[in-house]
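Here's the structure, in structure tokens; my notes come after.
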Amino acid sequence: MAEALEGTVALVTGASSGIGEATAFALAQQGAKVAVAARRRANLEALAERIRGAGGEALVVEADITVEDEARRAVAETAARYRRLDMLINNAGVMLLGPIVGADVGEWKRMLDLNVNALMWCTDAALPHLTKAAESEPRRVADVVNISSVAGRVARAGAGVYNATKFAVGAFSEALRQEVTRKHVRVALVEPGMVATELQSHNRPEILDQLRKSNPVQDPLQPADIADAIVFTVTRPRRMGINEVLIRPTEQER
């Protein structure tokens with residue numbers, strides 16, 4: 001195992017698949033102890049075994065972070081197990097597309113609960129631990145990485161509420177950065193374009209059909225591509241903060 005993050009601890013939400021899974025494994029390869037949080041315990045156990053098999057250390061935290069107490073418990077369990085927390089990767093999210101007019105507002109609530117509320121609760125619970133870690137060795141710096149989307153930059157018909165959640169993540173991230181940066185808690189916003197994950201699969205059949213017909217990207221990003229960017233962000237020197245990373249597939253125009 002590499003040692004760039006030796007002696008540090010990371011919590012990754014939404015780690016049961018996709019970007020979260022790839023990021024947790026990549027951070028472990030850099031020497032971090034990694035807590036992996038999500039609802040699907042079997043997936044988390046498989047990931048933890050992969051990490052341990054490669055020489056790393058992992059903690060499985062089964063939690064539904066759309067429930068505030070569960071979000072706070074995920075942070076508390078990580079800190080209790082490892083006695084510190086150096087990195088929070090707020091990756092969990094859901095994308096449910098469709099027009100605002102005549103919408104199923106239950107889908108709005110699902111997105112707001114996971115994309116916004118859960119991210120904020122995890123961050124609030126983590127900040128005391130991150131601030132403490134930033135005052136101590138081995139790095140004297142800590143990191144919050146919030147996974148947003150290109151949808152957090154430009155609003156589009158048919159994605160309005162998803163856009164709203166990701167715009168919220170961007171605003172929250174920048175305000176938090178200004179508040180904690182002098183404490184050497186860095187806040188990064190990572191905005192992927194199309195990535196080959198489960199994200200689109202949660203949509204209704206008619207939306208999935210529209211997405212298939214309108215998709216101009218034949219070679220989307222892979223989860224490991226985003227994990228690479230996250231690892232780059234959190235392994236910069238203490239003096240250097242990567243505040244925003246926008247990553248699109250080469251074929252993606254917007």
Taking a straight Cα-to-Cα line shorter than 15 Å from LYS109, and setting aside same-chain aspartates and glutamates fewer than 8 residues away, one finds ASP64, GLU68
From DSSP H assignment alone, runs of 4+ in the chain each adding -39500 (n - 2.57), the sum over residues rounded to the nearest 500 puts [θ] at 222 nm at -13000 deg cm²/dmol
Placing one equal point scatterer on each C-alpha of the range 22-81 and summing with Debye, one gets log10 I(q)/I(0) at q = 0.22, 0.24, 0.27, 0.30 Å⁻¹ equal to -0.83, -0.94, -1.10, -1.21
In a Gaussian network model of the chain with springs linking alpha carbons closer than 10 Å, the residue among PRO223, PRO138, PRO192 that fluctuates most is PRO138
Phi angles of the range 67-76, converted by Karplus (6.51 cos²θ - 1.76 cosθ + 1.60, θ = phi - 60°) into ³J(HN,Hα) in whole Hz with x for Gly and Pro, give 9, 3, 4, 5, 4, 5, 5, 4, 5, 4
Comparing GLY55, GLY152, GLY93 in a Gaussian network model of the chain (Cα, 10 Å), the one with the largest mean-square fluctuation is GLY55
Here the FRET efficiency for ARG236 versus ALA157, based on Cβ atoms and R0 = 45 Å and rounded to 0.05, is 0.75
Two pseudo-spin positions, 7 Å from Cα along C-beta at ASP225 and at ARG182, lie apart in nanometres by 4.0 nm
Subtracting the Cα-Cα distance of GLN218 and ALA175 from 0.36 nm times their residue separation yields 11.9 nm
Two pseudo-spin positions, 7 Å from Cα along C-beta at ARG110 and at ALA54, lie apart in nanometres by 3.0 nm
Note: ASP64 to ARG40 extended length (0.36 nm per residue) minus current alpha-carbon separation gives 7.7 nm
Tilt, helix 41-53 to longest principal axis of the chain (alpha-carbon atoms), in degrees rounded to tens, equals 50 degrees
Computed for the range 9-247: size of charge dipole around the Cα centre, +1 on C-beta of each Lys and Arg, -1 on C-beta of each Asp and Glu, debye to nearest 20, value 640 debye
Most packed first (mean Cβ within 10 Å per residue), the peptides 174-184, 121-131, 153-163 order as 121-131, 153-163, 174-184
Relative contact order as a percentage, the chain, C-alpha pairs under 8 Å and 6+ apart, gives 19 percent
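Rule-based calculations on the coordinates, nothing more; no lab input. Keep in mind that what you see is a predicted model, and the values were worked out from it rather than measured. With ideal geometry, Cβ positions are generated from the backbone for all residues, glycine too; neighbour counts draw on all protein chains shown.
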